[in-house]
C-alpha cells in the first residue's frame, strides 16, 4: 500500500501506552498492557485496571471481542464470555484524552450446550453516541473480576479511505483432548481434528495490517466437529481476542456453526457469542444476516445454508426462513445501489458460487440460481466467501453462459490486474484461515473444452451429508488461483476519490501466511474500480 493510502491512525502501541494516563481519571497508575497485540500473547492487568475491580473471586473476563453496532460511526459492541453467571457486567470507556468517562451496562445471553450440558454466558455492551473516526479505550468488567481492556477506532462519516481484511475457515490453534483420552496413552494424541498453528499465525497477520474491521466468512472454529464444543469456542475467542479486542471482527455463520442440540436451527452458540447489527425480530433468525455501512461501502452478510443444496452442518437447514432472508437481501441491494452515498456493495457469505478445486465442495447450483440474478441486477461489486480451503478468485462475471445447465457465470472481462466493477462481480474464495484439510493442491488443470478452460464440478442435487450429485462444466470464469500455499487472507484498501463522479478504487492484496514460520508474503495485488455514485452515470 502506498503512503498516500495508509491510515493516519494512532498506533496500537501508542494507544496502549496512553491507556494508563487515560485511566487516571478513574484510578491512578500506568496501564502496562504490553506491546502491540500482534506481538503479545497475553494481556496482564495493570494497576489502573486492577483498581477498577469490585470484589473478588469471580470468574474472569474471557474472549473479549468487538462488533459494530447498527451505525459504525457512532456505535460499538463490546462482548466477552464467562463460564458462570456474573453480576453487573459493564464496560467503562472514553476517548484516549478523556479517559473512562462513560459506562454502558451489558446485556447477557446464555445457552446450554446440547452435548456437554455446559452453560456459557456472553455479555454484550452497546457503546453509543460515539464520535466518528475517533480512537476510544474501554475496559470490560463484572463484579469481582479483573477488567480486561482494549481500544478501537470508529468508522468515518461519509466517504473516506479505510482498510478491511477478510478470510474464512479458521479453526483454533489450540488442541482439545477427545473425551476420555489419557494424555499418557497413544489415544491421548487424538486431538481436535481441525486445529493448526496457522489459525493463530493468521491473527497476527491481520494485526500487522491493522484494518478498521475484519470479515469472517463462516466456519469459524469447527466446534460442531470437535470433541468439546464449548471448549473449542473458548479457545477460538481467546485466540482471536489478540486482534478482535482492537477492531470489530464481523462474522457470518457457515455450515460448521450448525450444532446439533443447540437450538432448532443449531445456531444457539453463534447467536450467543456475537451481537451483530441484525434487524431480524425472530429470535431464531437473529444475527444470521445483517448489513452495515463504512464510508461508501455497504457490507451485506448472509447465512447461505438456507439456500445451498449441500448438507454441510449437523442439521439440514435448507429453506429455514421461508424466503425471508432472500427478500431482505433484495431490499438491501436495491437500497444500496440507489443510494448516492454508497459506491461499493460487498457481500460476505460462506458457501461458494465458484470453485475449481476437486477435493473441495464445488460451486452450488442453488446459490447461482438464487443470488446470481440479484447480484447482476444490483451490480454487486465483490463477494467474499470461504468453504473451500484455498484461495481462488474469479474474473468479473455478469449473467450466465448461454445454454449452461449449471448456470455457469459468464466473464464480462478478461483482465485480472484492473477490474471494472461496474460491469461484473468478482468472487473471492478466502478459505485459508487456518483449518486443516486444505484443498489448494486439487485445482483442476485439464483442458476441458478444447479452448484451454479448466473444469469445475458443480453441485446440482442433494443426496446426503456432504454428498451431492455433481456436473462438470468449463470454468470459463477462473481468474487467479494459488496452488502453492494453503493459508492466507485478503486486505482491501478503499480509496474513495476526491470529487463527485470520480473513480473510486479498492486496492486488493492477498497475503500468504507461510508455514511453519507464520510470516506474511504478498501473493498477488489487483485493483477494483468504478465510478462514484454521487455524479455521472449510475448502474441500472
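Any read-out appearing in this document is the output of simple, stated calculations on the displayed coordinates, not a laboratory observation. None of the values given here were measured: they were computed from a predicted structure. Neighbour counts are summed over all protein chains in view; Cβ atoms, including those assigned to glycine, are modelled from backbone coordinates with ideal geometry.
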Please determine, in degrees from 0 to 90 and to the nearest 10, the orientation of helix 229-244 with respect to the longest principal axis defined by the Cα atoms of the chain, where the helix direction is its Cα long axis.
-> 80 degrees
Taking Rh as the Kirkwood radius computed over alpha-carbon pairs of the range 415-524 and applying Stokes-Einstein at 20 °C with viscosity 1.002 mPa s, one gets a diffusion coefficient in µm² s⁻¹ of 126 µm²/s
Quote the Stokes-Einstein diffusion coefficient, in whole µm² s⁻¹, for the range 365-450, based on the Kirkwood radius over alpha carbon pairs, a temperature of 25 °C and a viscosity of 0.890 mPa s.
-> 173 µm²/s
Asserting the computed 222 nm helical MRE of the chain (DSSP H runs at least 4 long, -39500 (n - 2.57) per run, divided by residue count, to nearest 500) equals -4500 deg cm²/dmol
Going fewest to most other Cβ atoms within 10 Å around each Cβ, 65, 214 line up as 214, 65
Calculate I(q)/I(0) for the range 194-253 by the Debye formula, one identical point scatterer on each C-alpha and no solvent, and give its log10 at q = 0.28 Å⁻¹ to two decimals.
-> -1.34
Please sort 500-508, 224-232, 397-405 by packing, taking for each peptide the average over its residues of neighbouring beta carbons within 10 angstrom, highest first.
-> 224-232, 500-508, 397-405
Going by alpha carbons, how many degrees (0 to 90, nearest 10) lie between the helix axis of 324-338 and the longest principal axis of the chain?
-> 90 degrees
Stokes-Einstein D (µm²/s) once Rh is taken as the Kirkwood radius of the range 81-121 over alpha-carbon pairs, at 4 °C in 1.567 mPa s = 105 µm²/s
Kirkwood-based Rg/Rh on the Cα set of the range 260-413 evaluates to 0.95
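Listed highest first by mean packing, meaning other Cβ atoms within 10 Å per residue, what order do 469-478, 523-532, 357-366, 320-329 come in?
357-366, 469-478, 523-532, 320-329
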Rounded FRET efficiency, nearest 0.05, which uses the C-beta distance separating residue 238 from residue 517 and R0 of 30 Å | 0.85
For helix 365-377, report the angle its Cα long axis makes with the longest principal axis of the Cα atoms of the chain; keep it between 0 and 90° and round to the nearest 10°.
-> 90 degrees
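What order, most packed first, do the peptides 153-164, 292-303, 69-80 have when packing is the mean number of other Cβ atoms within 10 Å of each residue?
Working: 153-164: 19.8, 292-303: 24.0, 69-80: 21.9.
Ranking the peptides 153-164, 292-303, 69-80 by packing returns 292-303, 69-80, 153-164.
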